Structures are given as C-alpha cells and as structure tokens.
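Input: one structure, supplied below.
The values are calculated or read from the model by the stated rules, or taken from the named source; none is laboratory data. Everything numeric here is computed off the predicted structure, so don't read it as measured data. With ideal geometry, Cβ positions are generated from the backbone for all residues, glycine too; neighbour counts draw on all protein chains shown.
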Protein chains: 2
Amino acid sequence: MAVNIPELEQKRVVIVGAGFAGLKLARLLAKKNFQVVLIDKHNYHQFQPLFYQVAMSGLEPSSISFPLRKAFQRADNVTIRIAEVEEIQAEQNRIITNVGLVNYDILVLAYGTQTNFFNNQKFEALAYPLKSVSQALFVRNEILSDLEDALITRNFEDRQLMLDIVVVGGGPTGVEMAGALAEMKKYILPKDYKELDYNEVDIYLIQGGSRLLPGMSEFAGDNAKEYLENLGVHVMTGCRVVDLDENYVYLKDGSKIKAGKVIWAAGVKCPRINGLKEVCYGPANRLIVDEQLQVCEYDNVYAIGDLAYLKSEEYERGHPQVAQVAIQQAKLLAKNLIKKQSKGFVYNDLGSMATIGRNKAVVELPRFKFKGFFAWLVWLFVHINSLIGVKNKIVVFLNWTWNYLTYDQSLRLIIRPYIRPKRKRPTGNS
Amino acid sequence: MAVNIPELEQKRVVIVGAGFAGLKLARLLAKKNFQVVLIDKHNYHQFQPLFYQVAMSGLEPSSISFPLRKAFQRADNVTIRIAEVEEIQAEQNRIITNVGLVNYDILVLAYGTQTNFFNNQKFEALAYPLKSVSQALFVRNEILSDLEDALITRNFEDRQLMLDIVVVGGGPTGVEMAGALAEMKKYILPKDYKELDYNEVDIYLIQGGSRLLPGMSEFAGDNAKEYLENLGVHVMTGCRVVDLDENYVYLKDGSKIKAGKVIWAAGVKCPRINGLKEVCYGPANRLIVDEQLQVCEYDNVYAIGDLAYLKSEEYERGHPQVAQVAIQQAKLLAKNLIKKQSKGFVYNDLGSMATIGRNKAVVELPRFKFKGFFAWLVWLFVHINSLIGVKNKIVVFLNWTWNYLTYDQSLRLIIRPYIRPKRKRPTGNS
C-alpha cells in the first residue's frame, strides 16, 4: 500500500538520502513549484567529516546532526518520510520502501556510500566502521571501556589488546582519527588514567598506498605523515591488512600487531538497491550518470553525491566522493529542474584539507598549499561554516574553543543504550 | 581475585555509587588522609532531576552527566573503578564486584534507588522507567519514532496508540514530564509535524494520591494541577493503574486509556545487595541507619543518600529522597570521618520546587511559597547551579536560553544504537 503522502498538483520529486547532496537539493527545491518528498532512514542529516570527533569524545552527536523536520519547518512543499528504500520500480515510476510505496515523477538517488570491507567477512565482523554517528558512539564506548578494563588488568600482553589501536586507511578519516588518538594519549590519558603507563599505548595507521592522503598532493601526504609521527603514531604506508582475528591484525609482510580495536577507514562502496539495471553500476556500485546527472537508461532518475559516477577527461575515475562535489551537483540539478534546462556538470574544485591535531593541518587551495596553525584555523572555519544550523555552529565553536584552552573535553561518557523489547504495533499502513 | 587498586598506607574508604551523596563524599575526602575508592557502574555522575529534559529532547545526556575521572583528575588519593557490586562480605571487610574483590576499612553505601514497579511484571515489561540517561534517551527515541509512525498511519484508532501518552506518578518527575509533553504538543508538533492534527494528542497524568506533588504543600500541588490543566494535560488524581497491555492502560475505576507509551514515575525502591543482614532493611529496601548514618549491626558500614533510612521525630518515615538530603549527609559523614567525631545528622530543609513549563513553576522555601515566572527563574538558577562542571552549567544555560527565545530545541534526533557482537576478551584479572 502507498505511503500516506499529501497529494499536490505539482511534479513530485522524490529524493532518497539526506546527506550533503540530498539535503541541499531539497533545500533548493523548497518553496518552488515541486512537491518534494525527502526519504532517509534517519530523521536527521549527519555531518560525516566530523564523525571521528564524536568517536574521540570531542563532540556530541547532536552537534553534528540536524533534524530534517526542523530544516523544513517553513517549506510546505517538502514532505519527509523516515524509511528505507527496498526496490525501485522504474517502469511504474515508484519505489518500494519498508513503510510502503512512493510514486514519483522524478527520482533523485543520493543514498551515498557505506563502509567497504572488500567482501571479507572477518573484517566486517571484527573491524569498526565509522560511517554514522551511532557507529562513532560505539567506537567511543569501546575505547573508553577498554581503558577501564586495562586499569584492572595485570598482565601486560592482555593490556596490549585493550590499549593498542589500529586505524586502517590513510585517507582524511584515517589520518584525522589517528591524530586524535595520539592527542588523547598525550593529553588525556596522563590526567584521567594516571595508573596506566601511557607509553604502553600504541597507535598504528596502516595505508595500502605509498603515501597518506592519496586524494591530495604529495605535500599534504608527507606533512601529514610527519605530523603523525611526531605525535608518536606508527605510520605504515605500502602496507596491507590481510587478516584479522580477535587478538591480532595480520599484515601482508607476515608481521602481526596485537590490538583489540581496528578502526576501518579503508574505503567505501555504494549499497545496491533492487530494480536498477545492471548496466547502470560503475566501480564500487556507483551509478553511472551523464553530464546532466541522469542515471543511464532512465529518463527521470538522477544520482548525485558520492553515489554518482561521472567520467570526464579530467576525472577519469569519476569525481572525488567529497561534500563539495555533492553540493555542487545538487545545485546544478536544482537549477536544471527549476529552469527546465539541461546544463552539464562541471566541478569547481575549491580545494581540500585534513587536520591532524592541535595547530596541525594541511590545506590545498587551487593556487597554493599551506600547513600548520593557519591551515588548522582554515580547517576549523570551513567545517564550522559547513555545519547545518546556527546552534550547531555555535555549539561546535564553543566546544572547540573549550578544548583548545583546556586541552580537555568532558564528553568521555560510556552511555550504554537501554534496550528493551519493542511492543508489537499495527503496521503503519494498516 | 582482588581488583587491581594501588596499595596506600591510609584507611581505605570504599564508596559505592557516584550519585549526589557518593560523589559529594568522594570530593570532600579528596586530598585528605584516606584512600578513597569510588565504585559506580557508570563512568559518569548523572544529574537525575533533569532526566525528563533528556527524554523530551531538551538537553543532551552529556550536558547533565559528568565523567568521574575528570572530577578527580587532581586527587591522587581517589581511585575510580567501574563495576557492579554483587555481595558484601562484612566479616572480611570486603565487597565482591563483577570485576573482583575490593577490601575496605570503611564502606559507604550510596547506590540509591531504582524504579519501583511494585513487583508487577507487566508494568516492568511495558512501562518506561526514567532513572538513567540511557532510559531517558530510549523514551526520546520512542516518542519521536511514534510521531513518524503516526504520520503514515491512516487509521485514527491506531494513531491514538502512537500519539497518546500516559505519565504515571504525580511527584516532581511526573509533573515535569507531563508539562514538557504538553509544551511539545503546543510548540513543536504544529511546526515539525504539520500533517498531524495535534488535537489528537492526549497527555494523561495519573496520580494515586489525592493531589499532585505530595512531598510539597497543597499550594504547590494545586498550582501544578492548574498549570497542567491549562496546558491541556488530563490530570487524574485519586486514580490508580491496575493493569497494562500493549494497547491500553487499565484504571481502578474500570475505565481504560488507549496509549502505547506509559512513562512510569510512580515510585522508587532500593536494590538489594547480597550479604547484608535482613534486619538492616527498612521500607522499600532502604537501609536503616543511626544518626551517624551507620548501618545497624555494622561498625564500619555507612549508608547515605536515598538509600539511608533514618527515622526521627520530624521525619517519621525517613527523610525525603532528594538531592539536598544526600548532599548534607555526605557533608556530615565526611566531617565525622576526617575529624574522627560522631555528630548526628540534622536535616536543614532548604525548600523544594517543581517546574511545569515555560514561566511556570512552584517554589517552597522554609518561610514562604511562590509560583509563576519568578519561581521558574529560581528553579532554573538552582538547577544550573547544582550541575557538576563549569562547562555543563554553560551548556545547559545556553540551551535553555535558546529554547526560551526560539520555542524550539533542535535535539529531536532518533539516534539508534549501533550494536555488534562484543569480542571475547580475557577477563580483567586473568
């Protein structure tokens, strides 16, 4: 049965996913002559670039999440539905969700990526992904409970399991996570866990490629490595994880690392949704789109953001899966839909950046690169500016200022979920 | 095996529970000539009076929780262990916890209360308690997901199940929760859930006694009732819940209310710990103490806070289970231990208060009572002032100011826990 959605006499644009791309598009179509239905499995937008700070007790989930309903309180043409898409029935112009059918005139897919464990079931079972605020909170709880366990563990070898942390993947998430862990070791452990010898804590960053931050220049990668090594991180480039078990991380060169926590930031892929033709899928399940961001073979289906795979001369392997591309694609698509035009997408690369820690960052603008304190300030400014909601901007700014001045954040709470059986309820559409 | 705790040449005071009483005592004994071991099942202190605001998306858990380790960063004589006490072996001066033995010279029990379902298994299985931040987050998620479900539910009767809420218990928690729910209906639903008819939302407050706020005066109870009724809450005094199922709340007078969410604020009792003599237990498992707060039959075991049951002429049924009593008992016990004296406890009642909503509160001081805007300001001030940590005070103040000015809080996030199998680990003391 169809999901209960108001009937309006406008073309209905159904947007699947409220990440950077989907949210931006919905905001641009708000109060325009469309009926917009925004579907996400969460009732909030999450700011992915800062998940690692949630994992490190630096920020609260609410500071980097924004409720979708609040974002559209003033837009009467936007309907929000919390649902998961199960199938696309393009011939009938409708999608099947876990709460019922949704018809569309135009379908925009913006459901993004998920962690890529490269079909290795052990990686999936044992390593910790970092692709949602819930997963970030889970990592936070694991780190903190392991520190508590280590305190009461007399055996050195057992303690290693609790204290040592391996981060897999040398992209921005891996680099930022490793840097934050090293700062925790340096600034927090000696104050909060005086009984522990913080020299026992080892942080490893494992990167398959020959250098860190492969999406950026050699300048950025080399400086990130130097920063991390100065903080005491064991940076291992040109190194691959081949196996995992409950005690060890096994590397390609035959060596192994004893560590109970493996944070997996080694790559992403897109989920697949039933119903789309096989020919639409590109590498890592990205959807192949043309310059108008239209999914090949379908007239009224678009893909934007990390999901879209648009090959061009400059971007032979598709565009980078970053917020800027998503936002620019949403802008182009909104304009094309509103003005009934079909302009092609041209990416305007505004630059990229990564932070390693206090006063330490690398920034690359189209014309020049820099690092250090000023780069770190730019990183802070750009991230605060990109957050949704004035209150979130203020809260994150205050948090960061507080942390900077005190070298200490007070969010180290192990809040375990309260779980109880859910009542049986009539299904939504009965 | 014994828990790994540093051996110091001081008397060891083991404090069980880091609520108002236990935390205060530990802080007063910090840097004094004792070895203090503070044991709690959480790594943070929780500020119970504001749990209902977490449930109502008004505050984040971290704003009303404070990490214990941070509280004692500068106190070298305080050791913190996250553990649950399973048994007291008073003859051997030790307790058994889930992570091993802990020896003591002096044992202070301050483990407080839990929700009292009066041994009714249906109440326990179906009603929602509100005695921890995790439970408060659970209630938050239930309220928000039910609103989402209601949007896509066409049948009026089914929607009632999702929209109507019954609060059981007319003490401060019940009154404050009912008031906050009524304000959500008035200020938030019309903005966030325009498709819903907010008149369909009914909020019930059920109180067994003849009036609300039985711990306060008639003045307070009557005014709270008037405030709540003006906000549209169905206040039912002299009314008892006799049964629950998945669809209905059954009342003593034979009537029933269709509601899927029942918030249980109808009473508390203390948990029992193996090993204490039966004769120590008073009403609701409180521990009978003498004026020095010493648990009867034991020379070196004390109980403070909600757990302590001290009968006096003025307090024939023991002292009220409120923060002020807990804090004053902790102060007295700290003084007695430090000065090796044995003064008796005399409660200095500073007053009590409850808030119903925006500009609406009742305050009773020893000499006079008042209500309305000024009472509400006093309530705000006293609660902010009682929070632990400068940052929490600032964050809560900013949150409340923001809410007051915008009539809107942006914490309405349904963040579901990420759950995965926990790795097998060697036990702490192996």
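Out of B:Glu229, B:Glu200, B:Glu195, which single residue is surrounded by fewer than 16 Cβ atoms within 10 Å (Cβ to Cβ) and within 14 Å of chain A (Cβ to nearest Cβ)?
The conditions single out B:Glu195.
Go through segment A:203-226 residue by residue and tally those that are in contact with a Lys or Arg (Cβ under 6 Å, 6 or more places away or on another chain) and surrounded by 15 or more Cβ atoms within 10 Å (Cβ to Cβ).
Result for segment A:203-226: 4.
For B:Asn285, are the conditions met, namely being surrounded by fewer than 24 Cβ atoms within 10 Å (Cβ to Cβ), modelled with pLDDT of 95 or more, under 13 Å from B:Leu107 (Cβ atoms) and out of contact with any Phe, Trp or Tyr (no Cβ under 7 Å at 6 or more places or on another chain)?
The answer is no for B:Asn285.
Does segment A:48-58 include one or more residues that are at pLDDT below 95, away from every other protein chain (no Cβ under 11 Å) and either closer than 17 Å to B:Ile152 by Cα or part of a loop (DSSP other than H, G, I, E, B) (or both)?
Scanning segment A:48-58 turns up at least one residue that is at pLDDT below 95, away from every other protein chain (no Cβ under 11 Å) and either closer than 17 Å to B:Ile152 by Cα or part of a loop (DSSP other than H, G, I, E, B) (or both).
Now a separate question. Which residue out of A:Ile356, A:Ile414 is surrounded by 15 or more Cβ atoms within 10 Å (Cβ to Cβ) and either within 12 Å of chain B (Cβ to nearest Cβ) or touching a Ser or Thr at 6+ places or on another chain (Cβ under 8 Å) (or both)?
Answer to the selection: A:Ile414.
Go through A:Gly112, A:Gly58 for me and flag whichever is buried (at least 22 other Cβ atoms within 10 Å of the Cβ) and among the small types (Gly, Ala, Ser).
Every option except A:Gly112 fails the conditions.
Then there is this: If we scan segment B:164-184, do we find a residue that is within 30 Å of B:Pro320 (Cβ to Cβ) and in contact with a Cys (Cβ under 8 Å, 6 or more places away or on another chain)?
Within segment B:164-184, none of the residues are within 30 Å of B:Pro320 (Cβ to Cβ) and in contact with a Cys (Cβ under 8 Å, 6 or more places away or on another chain).
Please determine whether any residue of segment A:109-125 is within 10 Å of another protein chain (Cβ to nearest Cβ) and under 27 Å from A:Asn274 (Cβ atoms).
Looking through segment A:109-125, at least one residue is within 10 Å of another protein chain (Cβ to nearest Cβ) and under 27 Å from A:Asn274 (Cβ atoms).
On to the next question. Take B:Val102 and decide whether it is in a strand (DSSP E or B) and either crowded, with 18+ Cβ neighbours inside 10 Å or more than 9 Å from chain A (Cβ to nearest Cβ) (or both).
So B:Val102 passes the test.
If a residue must be among the aliphatic types (A, V, I, L, M) and touching a Lys or Arg at 6+ places or on another chain (Cβ under 8 Å), how many such residues does segment B:1-24 contain?
Number of matching residues: 2.
For segment A:101-123, state whether one or more residues are under 28 Å from A:Asp192 (Cβ atoms) and under 21 Å from the mean Cα position of the chain (by Cα).
no
Kindly evaluate B:Leu28 against the criterion of being in a helix (DSSP H, G or I), more than 12 Å from chain A (Cβ to nearest Cβ), over 15 Å from the mean Cα position of the chain (by Cα) and among the aliphatic types (A, V, I, L, M).
The answer is yes for B:Leu28.
Oh, and also: Read through the list (1) free of Cβ contacts under 8 Å to residues at least 60 places away in the same chain; (2) over 28 Å from A:Ala323 (Cα atoms), then give the number of the only condition that A:Leu126 fails.
Among (1) free of Cβ contacts under 8 Å to residues at least 60 places away in the same chain; (2) over 28 Å from A:Ala323 (Cα atoms), A:Leu126 violates only (1).
When B:Pro67 is evaluated against the numbered criteria (1) in the same structural domain as B:Val166 (by TED's automatic domain parsing); (2) more than 28 Å from B:His319 (Cβ to Cβ), which criterion, by number, is the only one it fails?
Unmet condition: (1).
Which residue pairs have Cβ atoms under 9 Å apart, sit 6 or more places apart or on different chains, and have a first residue in segment A:234-258 that is surrounded by 15 or more Cβ atoms within 10 Å (Cβ to Cβ) and a second that is of a type in the set (Phe, Trp, Tyr) and part of a loop (DSSP other than H, G, I, E, B)?
none
Oh, and also: For segment A:274-285, indicate whether the set of residues that are within 29 Å of A:Asn141 (Cα to Cα), in contact (Cβ under 8 Å) with a residue 60 or more places away in the chain and not hydroxyl-bearing (Ser, Thr, Tyr) is non-empty.
There is no residue in segment A:274-285 that is within 29 Å of A:Asn141 (Cα to Cα), in contact (Cβ under 8 Å) with a residue 60 or more places away in the chain and not hydroxyl-bearing (Ser, Thr, Tyr).
Looking for whichever is modelled with pLDDT of 90 or more and on the phi > 0 side of the Ramachandran plot here; the options are B:Gly372, B:Gly389. Which one fits?
B:Gly372
Could you tell me which residue of segment A:145-155 is nearest to A:Gly351 (Cα to Cα), considering only residues that are in contact with a strand residue (DSSP E or B) (Cβ under 9 Å, 6 or more places away or on another chain) and hydrophobic (A, V, I, L, M, F, W, C)?
Checked segment A:145-155; the qualifying residue nearest to A:Gly351 (Cα to Cα) is A:Leu151.
Let me ask another. How many residues are buried (at least 21 other Cβ atoms within 10 Å of the Cβ), of a type outside the set (Phe, Trp, Tyr) and under 20 Å from A:Val289 (Cα atoms) if we restrict to segment A:334-353?
Residues meeting the conditions: 2.
Of all residues in segment A:34-46, which are within 12 Å of chain B (Cβ to nearest Cβ), in contact (Cβ under 8 Å) with a residue 40 or more places away in the chain and assigned to a loop (DSSP other than H, G, I, E, B)?
Selection gives A:Lys41, A:His42.
Looking only at segment B:296-310, how many residues end up being over 18 Å from B:Val14 (Cβ atoms), modelled with pLDDT of 95 or more and of a type outside the set (A, V, I, L, M)?
2
Which numbered condition in (1) farther than 30 Å from B:Leu59 by Cβ; (2) touching a strand residue (DSSP E or B) at 6+ places or on another chain (Cβ under 9 Å); (3) free of Cβ contacts under 8 Å to residues at least 60 places away in the same chain; (4) at the interface with chain B (Cβ under 9 Å from one of its Cβ atoms) is the only one that A:Asp158 fails?
The failed condition is (2).
Run A:Ile80 past the list (1) surrounded by 22 or more Cβ atoms within 10 Å (Cβ to Cβ); (2) hydrophobic (A, V, I, L, M, F, W, C); (3) away from every other protein chain (no Cβ under 11 Å); (4) assigned to a strand (DSSP E or B) and report the number of the one that doesn't hold.
Only one criterion is unmet by A:Ile80, namely (3).
So, one more: Which numbered condition trips up B:Gln409, out of (1) at the interface with chain A (Cβ under 7 Å from one of its Cβ atoms); (2) more than 22 Å from the chain's Cα centre (by Cα)?
The single condition B:Gln409 does not satisfy is (1).
Do you know which residues across segment A:162-181 are part of a helix (DSSP H, G or I) and either surrounded by fewer than 24 Cβ atoms within 10 Å (Cβ to Cβ) or at positive phi (or both)?
The answer is A:Pro172, A:Thr173, A:Ala180.
Let me ask something else about it. Looking at segment B:384-406, which of its residues are in a loop (DSSP other than H, G, I, E, B) and either more than 10 Å from chain A (Cβ to nearest Cβ) or among the hydroxyl-bearing types (Ser, Thr, Tyr) (or both)?
Passing the criteria: only B:Leu387.
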